[in-house]
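Undergrad: Starting off with a structure, shown below.
The values are calculated or read from the model by the stated rules, or taken from the named source; none is laboratory data. This is a predicted model, so every value here is computed, not measured. In this analysis, Cβ positions are derived from the backbone assuming ideal geometry, glycine residues included, and neighbour counts consider all displayed protein chains. For accessibility, only protein heavy atoms count, side chains too; no ligands or nucleic acids. Shrake-Rupley method; radii C 1.70, N 1.55, O 1.52, S 1.80 Å.
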Amino acid sequence: MAAAAIIVAALYAGQDLLIPLALSAIFSFLLAPVVSRFRRWGIPKFLAAIFTVSLAAIVFTLIMLVVTYQIISLADSLPKYQSNIEQKIELLRKAPTGTIDRLDRLFESIEQRIASPDPDRRESEVPLPLVIDPPLSDTEGATTKSTTPAADSLTPLGVLGYILGTTLGPLASAAIVIVLVIFSLLEREAIRGRILRLLGSRPGQLYVSTQALDDASGRVSRYLLMQLVVNLTYGIPILIGLLIIGVPSPFLWALLTIVLRFIPYVGPIVGAALPILLALVVDPGWSMVVWTGLLFIVVELISNNFVEPMLYGRSTGLSPLGIILSAVFWAWIWGPIGLLIATPMTVCFVVIGQYIPAMSLFPLLLGDQPALPLHARIYQRLLAMDVDEPDEASRKYLASHSLEQYYDDVVVPLLRLLNEERHYHALQPEHREFIIDRTRELIEDMHEHSKVASRTETAAGAPAPTKSPSAGTPVQTQGKAQSEDELPKAAASPQLQGTVATDAAPAVFSIPLDDESDELVARMFTILLQRRGIRAATGRASEPTSS
């Protein structure tokens, strides 16, 4: 906790230095594939880096000029739409609910209450007379005048100084970022070698460090490029739609949606809310608002369900909760810039934590991989006597796996874990009985669930061939395989009494040796045999007797 507090304090205190470093690293990841493409075309490294950064700066400058022009024109045209705002407010005031009118009356009553004198005030409480200070002397007047704003601050030179004072800091930070990006692209191999040396240069450490660094850089570069492509495919239809609908400054809102979509979850909502509010102000009616809202809904659905799954491929490795926590943390530390770089920075920590044990906390808390395997998760929910979640997790697993895999990868390890905890006396008898009973139900329920799924898939075809009970050769049966209930009673008993007829006896008879866990394993084996048309039965578990 002390180390974490020191790291957070260092991140907050050193943000003037660390923010340009982080931005330069992000832009380097984004522009590195472009530089590599230029180098494959035969362009020298220095020229490729300079040309790439210059092209990105020119595009960014042109975009900012267009955005500035549209903001100015929008600010000039907003007063023309005051009548539309008043008309919509009056319409809401006359609505049957009267919410606006009631709120207006409430605020008026509060204002009158504050302005009127308190009737409960005692007559003895009279206000103190107003004391006027004596005139100031010349020296006091000079001291007071020195604290007031200087008159020359309104001169052109003062205005220029104010503008330079407010813009010099961001311009200096932008210049630092550009220089760092250029040197990062030029010295990419040298920087990689220095980082590998810091992480460890011994043979085993060098392999792990190389894997971690390549995985982190590749995943961040892929995420940024795919996110940019996805945002462009989102912003271009928004631009075309806003032009058709007639919303003012469509380029501004399209660019804003492209940028805000880099901010997870909150960004798309803000990017859609602003043009919808503008449409509410501009249009005297409601058609522009409706069409603008429908435009964002349709484009968002297409982007989320078709474009993003097709372009993203592999995920970033972050869970939805991890993305939200990282956005909150970096926004708290570094403000709006932290929101933009939250996901790439957290991806680096999560990927490196998968290779370096000292940082394994990040993939455990923020990664998209489950912290426990499926059989341990189901076992934990059974310990809590939860019925629904184990069934839901089992059905979800069977949607992409076979019943054999479910028995082998989930149920058998679950029973093994149950026996291990029983031998260590870490399990109450009532919990063990509940787990055994519920596991038996899961075995039968998933067996029936898989049969229903297989019948649905093969409903249009012929019945699947099964094996003969005696010879084991595939034959066509009229119905399902003979179940255990249809077998002779002698075959279902725990001990075979006498001789059973060949045509009535099961081909395979499983006898559990120890306890209920062995009985459940034997039952799973019997189910799998019966699904293949083999006559099989399972005996009951009994306590071992001394010979």
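Undergrad: Only one residue in ARG219, ARG192 is under 23 Å from ALA56 (Cβ atoms) and open to solvent by 50 Å² or more (accessible area, probe 1.4 Å). Which one? Before you say what the answer is, go through the steps one by one.
TA: Values: ARG219 fails: open to solvent by 50 Å² or more (accessible area, probe 1.4 Å).
Exactly one of ARG219, ARG192 is under 23 Å from ALA56 (Cβ atoms) and open to solvent by 50 Å² or more (accessible area, probe 1.4 Å), namely ARG192.
Undergrad: Can you list the helices (runs of 4 or more DSSP H) lying wholly within the stretch 256-321 that have 1 or more residues being hydrophobic (A, V, I, L, M, F, W, C), surrounded by 13 or more Cβ atoms within 10 Å (Cβ to Cβ) and at pLDDT 85 or above?
TA: Values: elements: 266-282, 287-302, 308-312.
Ranges flagged: 266-282, 287-302.
Undergrad: Determine which member of the set ALA331, ALA384, ALA342 is at pLDDT 80 or above, surrounded by 15 or more Cβ atoms within 10 Å (Cβ to Cβ) and more than 20 Å from LEU213 (Cα to Cα).
TA: On the way: ALA384 fails: surrounded by 15 or more Cβ atoms within 10 Å (Cβ to Cβ); ALA342 fails: more than 20 Å from LEU213 (Cα to Cα).
Criteria check complete, one pass: ALA331.
Undergrad: Looking at the structure I just gave you, is ILE276 closer than 20 Å to ILE72 by Cα and over 21 Å from the mean Cα position of the chain (by Cα)? Walk me through it before giving the result.
TA: Working: closer than 20 Å to ILE72 by Cα: yes; over 21 Å from the mean Cα position of the chain (by Cα): yes.
The answer is yes for ILE276.
Undergrad: Can you tell me which of (1) in contact with a Phe, Trp or Tyr (Cβ under 8 Å, 6 or more places away or on another chain); (2) open to solvent by less than 80 Å² (accessible area, probe 1.4 Å) is the one PRO390 doesn't meet?
TA: (1)
Undergrad: Counting only residues that are closer than 22 Å to GLY533 by Cβ and modelled with pLDDT of 55 or more, give me the helices (runs of 4 or more DSSP H) lying completely in the stretch 395-483 with at least 3 of them.
TA: The qualifying helices (runs of 4 or more DSSP H) are 403-406, 429-457.
Undergrad: Can you name the residue in the stretch 33-43 that is over 15 Å from GLN227 (Cβ atoms) and either in contact with a helix residue (DSSP H, G or I) (Cβ under 8 Å, 6 or more places away or on another chain) or outside any helix (DSSP H, G or I) (or both) and is also least open to solvent (accessible area, probe 1.4 Å) among such residues? Before you say what the answer is, go through the steps one by one.
TA: Initially, the stretch 33-43 is screened for residues over 15 Å from GLN227 (Cβ atoms), giving 34-43.
If we keep only those that are either in contact with a helix residue (DSSP H, G or I) (Cβ under 8 Å, 6 or more places away or on another chain) or outside any helix (DSSP H, G or I) (or both) too, we end up with 34-35, 38-39, 41-43.
Values: VAL34: 56, VAL35: 9, PHE38: 27, ARG39: 111, TRP41: 167, GLY42: 63, ILE43: 63 Å².
Among residues in the stretch 33-43 that are over 15 Å from GLN227 (Cβ atoms) and either in contact with a helix residue (DSSP H, G or I) (Cβ under 8 Å, 6 or more places away or on another chain) or outside any helix (DSSP H, G or I) (or both), the one least open to solvent (accessible area, probe 1.4 Å) is VAL35.
Undergrad: Return the residues of the stretch 224-247 that are open to solvent by 30 Å² or more (accessible area, probe 1.4 Å) and touching a helix residue (DSSP H, G or I) at 6+ places or on another chain (Cβ under 8 Å); say none if nothing qualifies. I'd like the intermediate steps shown before the answer.
TA: Of the residues in the stretch 224-247, the ones open to solvent by 30 Å² or more (accessible area, probe 1.4 Å) are 225-226, 228-229, 232-233, 236-237, 239-240, 243-246.
Hits for the stretch 224-247 are LEU225, MET226, LEU228, VAL229, LEU232, THR233, ILE236, PRO237, LEU239, LEU243, ILE245, GLY246.
Undergrad: Could you count how many residues in the stretch 379-394 are in a helix (DSSP H, G or I) and in contact (Cβ under 8 Å) with a residue 40 or more places away in the chain?
TA: Of the residues in the stretch 379-394, the ones in a helix (DSSP H, G or I) are 379-383, 388-394.
Next, only the ones that are in contact (Cβ under 8 Å) with a residue 40 or more places away in the chain stay: 379, 382-383, 390-391, 394.
Qualifying residue count for the region: 6.
Undergrad: A further question on this structure: Out of curiosity, is LEU78 at pLDDT 85 or above, of a type outside the set (Phe, Trp, Tyr), part of a helix (DSSP H, G or I) and open to solvent by 70 Å² or more (accessible area, probe 1.4 Å)? Quick ask: steps written out before the conclusion?
TA: Details: at pLDDT 85 or above: no; of a type outside the set (Phe, Trp, Tyr): yes; part of a helix (DSSP H, G or I): yes; open to solvent by 70 Å² or more (accessible area, probe 1.4 Å): yes.
The answer is no for LEU78.
Undergrad: For the stretch 522-539, name all the residues that are closer than 21 Å to VAL452 by Cα and polar (S, T, N, Q).
TA: Answer for the stretch 522-539, where residues must be closer than 21 Å to VAL452 by Cα and polar (S, T, N, Q): THR526, GLN530.
Undergrad: Against the definition (of a type outside the set (Gly, Ala, Ser), open to solvent by less than 70 Å² (accessible area, probe 1.4 Å), at pLDDT 85 or above and not in a helix (DSSP H, G or I)), how does ILE50 come out, yes or no?
TA: Working: of a type outside the set (Gly, Ala, Ser): yes; open to solvent by less than 70 Å² (accessible area, probe 1.4 Å): yes; at pLDDT 85 or above: yes; not in a helix (DSSP H, G or I): no.
No; evaluated as a whole, the condition is false for this residue.
Undergrad: Okay, next question. Taking the criterion of being among the basic types (Lys, Arg), surrounded by fewer than 15 Cβ atoms within 10 Å (Cβ to Cβ) and modelled with pLDDT under 75, would at least one residue in the stretch 199-214 satisfy it? Can you show your working first?
TA: Our first condition is that a residue be among the basic types (Lys, Arg); within the stretch 199-214, this holds for 202.
Checking the rest, the ones that are also surrounded by fewer than 15 Cβ atoms within 10 Å (Cβ to Cβ) come to 202.
Still in the running and modelled with pLDDT under 75: 202.
Within the stretch 199-214, one or more residues are among the basic types (Lys, Arg), surrounded by fewer than 15 Cβ atoms within 10 Å (Cβ to Cβ) and modelled with pLDDT under 75.
Undergrad: When the stretch 13-32 is examined, which residues are found to be open to solvent by less than 50 Å² (accessible area, probe 1.4 Å), more than 17 Å from ILE191 (Cβ to Cβ) and among the aliphatic types (A, V, I, L, M)?
TA: Within the stretch 13-32, just ILE19 meets the criteria.
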